[in-house]
Structures are given as C-alpha cells and as structure tokens.
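Computed from the coordinates by the stated procedures, all read-outs in this text should not be read as laboratory data. Remember, it's a predicted structure, so these values are computed and weren't measured experimentally. Cβ atoms come from the backbone with ideal geometry, glycine included; neighbour counts cover every protein chain shown.
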Amino acid sequence: MILVVNGEPQEAEADTMAAALEALGYEDASVATALNGDFVPKRKRAETAVKEGDRLEILAPRQGG
Amino acid sequence: MLRLYDASFSSRLLLGTSLYPSPAVMADAVRASEAEIVTVSLRRESARGREGDAFWRLVRDFGARVLPNTAGCHSAREAITTAEMARELFDTDWLKLEVIGEADTLQPDVFGLVEAALELNARGFKVLPYTTEDLVVAERLLEAGCKVLMPWGAPIGSGQGLNNRFGLAAMRAHFPEVPLILDAGIGAPSHAASAMEMGYDAVLLNTAVAKAGDPVAMARAFKQAVDAGRTAYIAGIMPPRDMAAPSTPVFGKAAL
C-alpha cells in the first residue's frame, strides 16, 4: 500500500497509524503525527486507521524563531 | 519580573534557536543571553535522520521554557493542527501563534490569526500571537482570550528595527496592562533597547544574534541592551525639548 509520508510516496503494509510508524522505521522516535491534515495524538495512533493514498505528516522538534 | 500567563521571568529577552552556525554556538548564545524562554519549531522527520532527538536534548539542557511556534503556517487550520502537534511533542500548552499572510514580508494574516487564536484559546492553549501593531486586531486577539501580544517591529529577519514607532507607541499606550513583546525585525541591540525604553515588556529575536559575526557576544550585547532599556523606562526618560537648555549653571558665570 502506498502512503504519502511527509510529502513522499512510500510503500508500507499497515492498517493503523501506529503500525505505519513502525513499518516506516519510526517506532521509538519522538514525533508528532497528522493524518490528512488532522492531528493524531499518540494515544490514538493504534486505533486510527490508514488507507491507500493517505497523507501522513511525521514531525519532530527543530530550530525555530 | 516579567509576568506572562501563569509564569514569571527575570529575563526580558526571548531568543530563537534557528540559523546559528552550529548547535554548540546556539547553546552558548542562549546561555550568554540569559534568556528564560526559547522558541522552537517542528518539521518533517526522516526515519533515518532523527535530527529531532539531538536538538531536543540540547534545548532541554538549557532549562528554559520552550515556546513552540507555528512558523510557515498560512491558514488557521494549518496553525491549529501544528499547535496540537507541538503541544504533544514539547509537552507545553504555550504557543507562539504565527499565521503568515504574505511571502515577501512574512506579514501576519491577521484574519487567520484571530480565527486560530479563538480556537486555540478554547482548546486550552496559552497563545502568544505574532501580530502587527494594528489596535483593532489587538483588541480582537484579546477578546479571543490572548493575554499577551507580540507585535512586529519590522519583517521577520529583516533587521530593520522598529518600522512604525508611532504605531508601537500607540499600542503601548492603548494597552497599558497587557504584556507586549516586540517580536521580529530587530537588527541591533539599540533597536531592542529602544523598544524597552518605550515600555515594551520584552523582546523576542533570533536572526540578529544567530547571524552576527560572533553570535555569543551579540547575545550578551542584546541582554545588556534589554536590561538598559528596561532600567531606563523605569527610571523615567526626560521629555525631549525643541531648544537647547544649558546643563552647566548660568548663575555665577564670570564676566570676562
């Protein structure tokens, strides 16, 4: 299944946000997530379904002004 | 003491963490500035890169409060989603709310700003909005629940200083009880001192320190400028006069 991860199409076999993060190699990373523009809290990742073509944003702390 | 929402700070300088030559210089500059609030952001993370962890460890070591921003957001919706992500990631409900309306000036989209501020205040955020010196927008932001306002001095990163001193002075006079933080456009320590002399409660800057020849020394210079400006404001600055008035006594002058 193709998911659009941080703007790039990526292959991942996963039916939930949590499974997608694991399949994509983010299992232990400190990240915040959004699905199709909506925030997905960490506690809801395991119950949030993902499907073909969904847009995932996976963000981490960065320098800011 | 600077009072913002439920917290007090000795320092009246807020510093950004971006654009430094290296993480080590950034860390030294933050320490030299004695800032107790540093701004941070969040960006896309790659599964292999993991840049976020190292940055976050470094920032946590400062012991400063982190103020996440919504830099680069061009709509209320984007800013609200980013705010929620930031709250979880940085474990804080404080937020520097930016909704950008124009690419050349990075001017706030004040309509989107008010819309986002209303929603975020309702969701329990402590919103510090990056705004203009427009008094009507300021009123709307206060009505939306913001307890602090952060008007720009000049466009972000421009180093122009205080482009509209009249407007900024009017804002200070109009909202005597609201903490006002001059945010963006500061280039030289004299700009920061000037804002503080006008009675601004604090100054937020980034590029002026990060892009200085010696960012650590410049951080110290800004700390001194902010302190000097604040002390001068409290001391009471003499009103200007049109004509000269001798400072040396006239009485007792010799007739030669």
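For this structure, a couple of remarks:
- Between A:VAL5 and A:GLN10, A:LEU56, the built amide H atoms are under 5 Å apart, and every one of these is 5 or more places off in sequence or on another chain.
- Sorted by Cβ density within 10 Å, fewest first, the residues B:CYS73, B:CYS146: B:CYS73, B:CYS146
- Radius, Kirkwood style, for chain B when every pair of distinct Cα atoms is counted (Å): 19.1 Å
- Across the stretch B:84-93, coupling constants 3J(HN,Hα) worked out from phi with the 6.51/-1.76/1.60 Karplus curve, θ = phi - 60°, read 4, 5, 5, 4, 5, 5, 9, 6, 9, 9 Hz, and Gly and Pro carry x.
- 20 °C / 1.002 mPa s Stokes-Einstein diffusion coefficient of the stretch B:208-256, Kirkwood radius on C-alpha pairs, µm²/s: 145 µm²/s
- Taking amide H positions as modeled 1.01 Å from N, with prolines and chain starts lacking one, the residues under 5 Å from B:GLU133 and 5 or more places away or on another chain are B:TRP152.
- If you sort the three axes of the alpha carbon gyration tensor as a ≥ b ≥ c, you get a/c of 1.5 or more for the stretch B:60-100 and a/b above b/c, which makes it prolate.
- Residues B:VAL59, B:VAL127 arranged by fewest to most Cβ contacts within 10 Å: B:VAL59, B:VAL127
- Antiparallel bridge percentage (DSSP; both residues within the protein assembly as shown; nearest 5): 50 percent
- Taking amide hydrogens as placed 1.01 Å from N in the peptide plane, the amide H of A:THR16 sits under 5 Å from those of A:VAL50, each at least 5 positions away in sequence or on another chain.
- Within the shell of other residues whose beta carbon sits under 12 angstrom from the beta carbon of A:GLY37, the net charge comes to -3, with Lys and Arg scored +1 and Asp and Glu -1.
- Calculated FRET value between B:GLU143 and A:LYS44, using beta carbons and R₀ = 35 Å, to 0.05: 0.60
- Computed from the Cβ-Cβ distance with R0 of 35 Å, the FRET efficiency linking B:ALA173 to B:SER10 stands at 0.85.
- Integer Hz, Karplus 6.51/-1.76/1.60 couplings in order for the stretch B:114-124, x for Gly and Pro: 5, 4, 5, 4, 4, 5, 5, 4, 5, 8, x
- Of the residues B:HIS191, B:HIS74, the one with the fewest other Cβ atoms within 10 Å heads the list, and the complete ranking is B:HIS74, B:HIS191.
- For A:ARG55 and B:ARG65, a Förster radius of 25 Å and the Cβ-Cβ distance give a FRET efficiency of 0.20, rounded to the nearest 0.05.
- Set against the 2.2 N^0.38 Å expectation for a compact globular protein, the protein assembly as shown has a Cα radius of gyration ratio of 1.15.
- Along each principal axis, Cα extent of chain A, largest first, Å: 37, 25, 21
- Whether the stretch B:27-150 is rounded, prolate or oblate, judged on the alpha carbon gyration tensor where a/c under 1.5 counts as rounded: prolate
- Using C-alpha pairs under 8 Å with a sequence gap of at least 6, the mean separation divided by the residue count of chain A gives a relative contact order of 42 percent.
- Net charge contributed by nearby residues that have their C-beta within less than 12 Å of B:GLU84 (K/R +1, D/E -1): -1
- Inter-label distance for B:THR92 and B:SER22, nm, one decimal - labels placed 7 Å from Cα along Cα-to-Cβ: 2.6 nm
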